[in-house]
1. Can you pull out the residues in the range A:324-344 that are in contact with a strand residue (DSSP E or B) (Cβ under 9 Å, 6 or more places away or on another chain), within 24 Å of A:C121 (Cα to Cα) and surrounded by fewer than 19 Cβ atoms within 10 Å (Cβ to Cβ)?
2. Note down all Cβ pairs under 6 Å where the first residue falls in the range A:113-128 and is assigned to a helix (DSSP H, G or I), the second is of a type in the set (S, T, Y), and they're at least six residues apart or on different chains.
3. Take the residues in the range A:33-55 that are hydrophobic (A, V, I, L, M, F, W, C) and touching a residue at least 40 places away in the same chain (Cβ under 8 Å), then tell me which one is farthest from A:G98 (Cα to Cα).
4. Look at B:I82 and say whether it is within 14 Å of chain A (Cβ to nearest Cβ) and modelled with pLDDT of 95 or more.
5. On the given criteria, is A:G314 outside any helix (DSSP H, G or I), away from every other protein chain (no Cβ under 14 Å), among the small types (G, A, S) and touching a Leu at 6+ places or on another chain (Cβ under 7 Å)?
6. Being more than 10 Å from every other protein chain (Cβ to nearest Cβ) and either farther than 19 Å from B:G90 by Cα or open to solvent by 10 Å² or more (accessible area, probe 1.4 Å) (or both) narrows it down to one of B:V246, B:V207, B:V236, so name that one.
7. Can you name every residue in the range B:1-27 that is surrounded by fewer than 24 Cβ atoms within 10 Å (Cβ to Cβ), part of a loop (DSSP other than H, G, I, E, B) and within 14 Å of chain A (Cβ to nearest Cβ)?
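The values are calculated or read from the model by the stated rules, or taken from the named source; none is laboratory data. Keep in mind the model is a prediction, meaning the values are calculated, not measured. Positions of Cβ are backbone-derived with ideal geometry, glycine not excepted, and every protein chain shown enters the neighbour counts. Accessible surface is based on the protein model in full, side chains and every heavy atom, while ligands, DNA and RNA are left aside. Shrake-Rupley method; radii C 1.70, N 1.55, O 1.52, S 1.80 Å.
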Amino acid sequence: MDERPTGAGDYPELSFDHAPGERAPISPKERMTIERQHMPEQPADLRAHNFAEVNLGFDHQLAILEAERCLQCRNPACIDGCPVRVNIPRFIDLLARGDLRAAANSLLDDNALPCVTGRVCPQETQCEGRCLRGKKGDPVAIGYLERFVADWASHNPATADGRRPATGKRVAVVGSGPAGLTCAGELAKRGHAVTVFEAFHAPGGVLIYGIPEFRLPKGVVRQEIERLAGLGVEIVPNAIVGKTYTLDELRSMFDAVFVAVGAGLPIFMDVPGENLKGVYSANEYLTRVNLMGAYLPDSDTPVLDGQRVVVVGGGNVAMDAVRTARRLGAQDAIIVYRRGRDELPARREEVHHAEQEGIRFELLAAPVEVVGENGWVAGLRCVRMELGEPDESGRRRPRPILGSEFTIAADLVVVAIGTRSNPLLTATATGLTVNEWGYIETDGAGMTSLLGVFAGGDIVRGAATVILAMGDGKRAAAAIDAYLAGELPAAVTTEALEVGAAG
Amino acid sequence: MHTVVERTQLSPNVTRLVVEARRIAQIRRPGQFVIVRAGEGAERIPLTIADADPAAGTITLVIQAVGKSTYDLVALDVGQAIRDIAGPLGHPTEILSAGHAVCVGGGVGTAVVYPIAVALHDAGVRVTSITGGRSQEWVMLEDELRAAGDVIVCTDDGSYGRQGFVTTALAEVLATDSVDAVYAVGPVPMMRAVAELTRPAGVRTIVSLNPIMVDGTGMCGGCRVTVDGQTRYACVDGPEFDAHAVDFAQLADRLGTYREFEQRALERRRCALAEQMRTPATTGAA
């Protein structure tokens, strides 16, 4: 396969020979003829055996060509589709003009972690799902363009950081995942002194322990974190709030607190044999491989490398786990999911990449027992499912077909069917209201039942996406900023969010 | 970084490290543990906090060298540092307020039971400690335990104290004295045997479990144990459980998950050390 594919289609009439700062002289009709550019990627047979990133990224030419596809809509629907409301047409226009510095500044004003979101957002259900060009043909590859501009910014760091003068206010952020980091960055830009408390020895939360290297290189995450450190954000590792410190203590030491500890506890299947050796939660499996580096040959931390690995679940975490198993040498790496292919909650690109890498999908199947032999996993017994009436989520409810049990031979089973709330912090925080599932309750501005304590991300909404957590972090930062200024957080509206984001 | 301020060899393969960890020293309670990562790239391993000095800002870790990570830890000299210590984790021990408690420690488990014995003694409970090892050189913390009450020392070969297992001594105490609670920490077969001894009379028996763990905050589920038919996480629901409800067979089995890997890692470590020893000699000869 060609390492550097050029754009799809042939455009002899397009010239990029125009003056810097100006748009290419393309007619609207010509613009419509440009097809969506393909993301260059590592060939599937090669990448199934390494942990290097799958997507190689656009080069400048591909990026400009793709940028020219954007129609610069007067009422851009893509922005409404973005949980952090990135001004997408603006950065794409600046990119098309060849002004990468301005494009990067525009993007970074709106989004604290664009290198991350450009790689892991489910664009097809957000910005790209709303793109006008997608009504007839393919939407603009907004995610790929975001990644291009963000990566350029990482390699060409700006000298001025646009920080406001110090306010003298101190804010504690609990958790250094996407919600915490976003909130910390936004608050630091506003001149507040921010301290982030992280339970693990390394910051990044799910970006570090959960999402694998081949989808989100850890070097990229570290660069994003270094950029925040450059804004003056202090990160304290090995600090477990609820154990090392209590929330009450943080409240007495800081002017405001943002709680973004993630969801945490893995859900198991509640079937016989689940505690056999060779059954992992996806959390444990991915943490061993990603955070602890168990995929490296001399790692101190072990991970079981099965020849036949079954991953239960159909979300992004399941895809990450099954593709990790493949890279660790599994001959058979199999997804077991109780609904059909159309219902898979994972990003489309992940499913596509998994299929390319030879992952087998055992759809409409649900586990009933982990079969064991001498204490080790020997297989996963499943039952066939069929789809019945739609449930409250609108998806058709799967139901078992009687007598349809079958067994998949397996030496490793990874359970990726979701998480529930971790009570470590909430159980030790006096006066903090949680709902019946243990998730923290917040008002419209993200404030909890405790004055000055805000919360966001998975510990509020349940397991969700990186970008939704980031949206919470950004909204909470605007609310905390207003709160610290003595304004009621209820005054924080979408408008205030946008004004704040531009600053 | 957590500097080692004191290092003592307690038995042929058990080492006591006193390390700086100011915050944890101030707030830890008996029964709690920390997750330790010796250096960059090292494994995260759970270790019970054996003691703490809030004024000095230090905690005491008692480490049995069994795998690469623990060998790396006990190889640290005074002045060197442990990179990461997180905690205190787990629930503190529920301490009786009166009566008679027997604290049983097998091998390195004695270091886990020791802070419990002290806390019981401080709460006004009469404490009998039973500790044991293969032979005299494997007996540890005897004097420390004596400060908390009576101590019965057992050795397998009879080279010190009385000959026999700790369970033999426990059976005698149970037969001759009234016992309100037993706290037992040690190898799984020992804890299981203690549970069987106390089960008939229904003596309340607490064991502290040390299964495989990664994060120590409930996130990975690797430390799951079956207690009373329910899956529990030792890190957040424990580490102490009712000994009569623990599925010890499963616990022992799961502890063996990485046995092969551990042997290979230990072998690699030996080779690397041997290589280091050889290198200066080679240079000198050249």
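1. The answer is A:G340, A:R341, A:E343.
2. That search, which allows pairs on different chains as well, returns A:C115/A:S154.
3. The extreme case among them is A:A48.
4. Yes: the conditions hold for B:I82.
5. For A:G314, the condition - outside any helix (DSSP H, G or I), away from every other protein chain (no Cβ under 14 Å), among the small types (G, A, S) and touching a Leu at 6+ places or on another chain (Cβ under 7 Å) - is met.
6. B:V246 is the lone residue from the list that is more than 10 Å from every other protein chain (Cβ to nearest Cβ) and either farther than 19 Å from B:G90 by Cα or open to solvent by 10 Å² or more (accessible area, probe 1.4 Å) (or both).
7. The one that is surrounded by fewer than 24 Cβ atoms within 10 Å (Cβ to Cβ), part of a loop (DSSP other than H, G, I, E, B) and within 14 Å of chain A (Cβ to nearest Cβ): B:M1.
Residue-wise test of (1) closer than 27 Å to A:F197 by Cβ; (2) within 14 Å of chain A (Cβ to nearest Cβ); (3) open to solvent by 20 Å² or more (accessible area, probe 1.4 Å).
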| position | (1), (2), (3) |
| --- | --- |
| B:G41 | yes, yes, yes |
| B:L61 | yes, no, no |
| B:Q64 | no, no, yes |
| B:L73 | yes, yes, no |
| B:D77 | no, no, yes |
| B:G87 | yes, yes, no |
| B:V108 | no, no, yes |
| B:Y114 | no, no, yes |
